[in-house]
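What follows is calculated from the coordinates using simple rules that are stated; it is not laboratory data. No experiment lies behind these values; they were computed from the predicted model shown. Every residue, glycine as well, gets a Cβ built from its backbone with ideal geometry; the counts of neighbours run over all protein chains shown.
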Amino acid sequence: MNIHRYERWWLTFGVTMLVAFLALIGFAAFADNINPPSDMQQIDPTKVAQTPPFDRPGPRRTGADSYEAYYVARVFSFDPAVLRVPAGSLVRFYVTSADVVHGFFIPKTDINMMAVPGWVNTQEHRFTRPGEYLLICHEYCGLGHQDMFAKIEVR
Ligand code: CUA
């Protein structure tokens, strides 16, 4: 088979780039130990409902004005569906998924995470302004994706 010289160059170039990028990804994953974000905590995604503290999702008071809020995302809802905290509260969110990858986004705050099965992601925010906040799934997760939301009531 006769391959034109230019075509051979391009093939060599393409294959070289492919090998180089795959090597970089492999290096980052294994040598640099780059993992999904906040890989501090792992969880068996098939046993979320039995694993504390995700067996009882919801808020825990940890101080005078601080809370931890444990969330389970699953098609197509968040548990808890409503979170109530006083204005001024510092809330640390912990989120995992019991099935597929979901988003965890609270507009007007800096909370923007992925709910990844097998992992617990965490971020915190101080709710200084009273009001009703929407928590939405911003990662396409199936036919009911657009109905996947919850509320945070700050009083
Ligand atoms: Cu869950 Cu989109």
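Overview of values
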| read-out | value |
| --- | --- |
| For 140, 6, 133, 70, order by how many other beta-carbon atoms lie within 10 Å, fewest first | 6, 140, 133, 70 |
| Label-point separation, residue 61 to residue 138 (7 Å along Cα→Cβ), nm | 3.2 nm |
| Rounded to 5, the percent of DSSP beta bridges in the chain classed as antiparallel | 70 percent |
| Potential extension, residue 23-residue 9 segment - 0.36 nm per residue separation minus Cα distance | 3.0 nm |
| Order of 9, 119 - criterion: other Cβ atoms within 10 Å of each residue's Cβ, fewest first | 9, 119 |
| Mean separation of Cα contacts under 8 Å, 6 or more apart, over the residue count of the stretch 1-129: relative contact order % | 22 percent |
| Amide H contacts of residue 66 (H built 1.01 Å from N, under 5 Å, at least 5 apart or other chain) | 90 |
| Gyration tensor verdict on the stretch 45-84 (Cα atoms; rounded if a/c is under 1.5, prolate if a/b is larger than b/c, oblate otherwise) | oblate |
| Simple Cβ-charge dipole of the stretch 1-106, Lys/Arg +1 and Asp/Glu -1, about Cα centre, in debye nearest 20 | 120 debye |
| Exposure proxy order (Cβ contacts within 10 Å, fewest to most) of 145, 102, 4 | 4, 145, 102 |
| Globularity index of the chain, i.e. its alpha-carbon radius of gyration over 2.2 N^0.38 Å | 1.42 |
| Cα long-axis angle, helix 5-26 against the chain (0 to 90 degrees, to the nearest 10) | 30 degrees |
| Sum of -39500 (n - 2.57) over DSSP H runs of 4+, divided by residues of the chain (222 nm, nearest 500) | -5000 deg cm²/dmol |
| Those residues of the stretch 63-102 whose amide nitrogen sits under 18 Å from the label point placed on residue 149, 7 Å along Cα→Cβ | 73-84, 102 |
